[in-house]
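A short worksheet on the structure shown next.
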Amino acid sequence: MPRPAYPDSSEALSLNSGYAFPGIFPDLTEAANRALTTYRSESLQYGRPFGLPPLREWIAEYMKEDGCTVTADEIIVVNGAKNGLDLLCRLLTEEGDVIVVTAPMYFTAIPIFKSFGLTFIEIGQDDEGMDVEALDRALRERVNQGLPLPKFIYEVPDFHNPTGITLSRRRREALVALATRFGIAIFEDSPYRMLRYEGKSEPSLKALDAHGVVFEVGSFSKLLAPGLRVGWIAGPRALLERIARLKSDGGTCPLTQRIVFEFCTAGELRAHIERARAAYAQHRDLTVAALRRELPEASFAVPHGGYYLWVKFPPGVDTEIMTERAFRGGVSVIAGVSFYAGEAAHADPETAPTRYIRIAYSRATPEEIEDGIQRLAEAYHSMI
């Protein structure tokens, strides 16, 4: 059957956003049944501002297994990680404040931060992640100039979105030490941490934090299913109490919290994570093989986990134009310019945003990945 040449958005193959793969969504029927029978009076009532107590206990134990020293009192449940970022900005920032982000960065966080009137210090990355030495220089320069320090540092240390880079151990230690020395909070957003396909895991920033500067923003979106909209913030109790008063929803949905808790405590989470790892590793490997076959001109680092490939094209290729052509040809990817918070042009041709695209291999089926990369290659070759 001939494929459509000029699809609408519903027809284009999706290699763009970090949606989960529907083929591995867990069966939550039994958990939902318990939530709506045994715990009906709780599940269908208004929620508590801090969240369901047993779920907070479970999250604290989950984090302890990952090396963190936390209690349930240091956990507040929120409506996913983005809601957590929004609440932290409400708590800690005012219009005109400065924050630190990576260049490139998670593009959905950009409008959240901009909605609070924040401005950005962009710090570059290499194969070890954020350049912490460059950040140190930038902070010392602000001190020397009498400028206010940033209110927080935003980082995705594990399988960074969009680059796929994992922050090295020495950079993690240096970043936490730097934030502690300057008294700056760190927002650690690491939804892909458990989706490691090979290699050794590094300690989370929260696990390295001995002085309470790190807020971990967690989420069940990548662990279970994004539609549940259940996440959490781990941080000092006194600040979480202030966050609870800022929650306009009154409290995250008790029904979805109870479903998550029942599923996790039934011992099903570990097996589900293993299924997710196997599926996403296969998707990554298929995408890598297809790119090497169809687009040998492109370069990229192969991430050890997560959802994304950050793909670089030769000089002179404008990936904004290329992604438009690719969409008309039936596949959707995201141009690199979408992942930069600053407005200034990037003069270095080696790191110019217009040379990059992000490919999300998470949602598509293996067949769609193969077809999508072929369509992307056709768009690229039509430009050279």
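Laid out as a table, the results:
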| read-out | value |
| --- | --- |
| Gain upon complete extension [Lys114, Arg242; 0.36 nm per residue less C-alpha separation] | 43.9 nm |
| Dipole of the chain, positive end: most advanced residue of Gln125, Ala177, Ala12 [Cβ charges, Cα centre] | Ala177 |
| Least to most buried among His272, His160 (fewest other Cβ within 10 Å first) | His272, His160 |
| Relative contact order (%) - the range 277-384, alpha-carbon pairs under 8 angstrom, separation at least six | 36 |
| Computed helical MRE - 222 nm, the chain, DSSP H runs ≥ 4 contributing -39500 (n - 2.57), nearest 500 | -11500 deg cm²/dmol |
| Whichever lysines have a C-alpha closer than 17 Å to that of Lys82, once near sequence neighbours (fewer than 8 apart) are set aside | Lys114, Lys222, Lys247 |
| Pairwise Cα inverse-distance average, inverted: Kirkwood Rh of the chain (Å) | 21.8 |
| Separation of the Val98 and Thr71 label points, Cα + 7 Å toward Cβ, nm | 3.8 |
| The range 29-265: relative contact order in percent, alpha carbon pairs under 8 Å with at least 6 residues between | 32 |
| Label-to-label distance, nm, for residues given as Tyr46 and Glu350 (7 Å Cα→Cβ offset) | 5.8 |
| Cβ-based exposure ranking for Trp58, Trp310, in which fewest neighbours within 10 Å come first | Trp58, Trp310 |
| Dipole-positive endmost among Cys264, Ala289, Leu246 within the range 199-293 (Cβ charges, Cα centre) | Ala289 |
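Each value in this text was obtained by applying a stated rule to the coordinates, not by laboratory testing. Bear in mind the structure is a predicted one, so any value in this text is a computation, not a measurement. Reconstructed Cβ throughout: ideal geometry from the backbone, glycine too, with neighbour counts over all protein chains shown.
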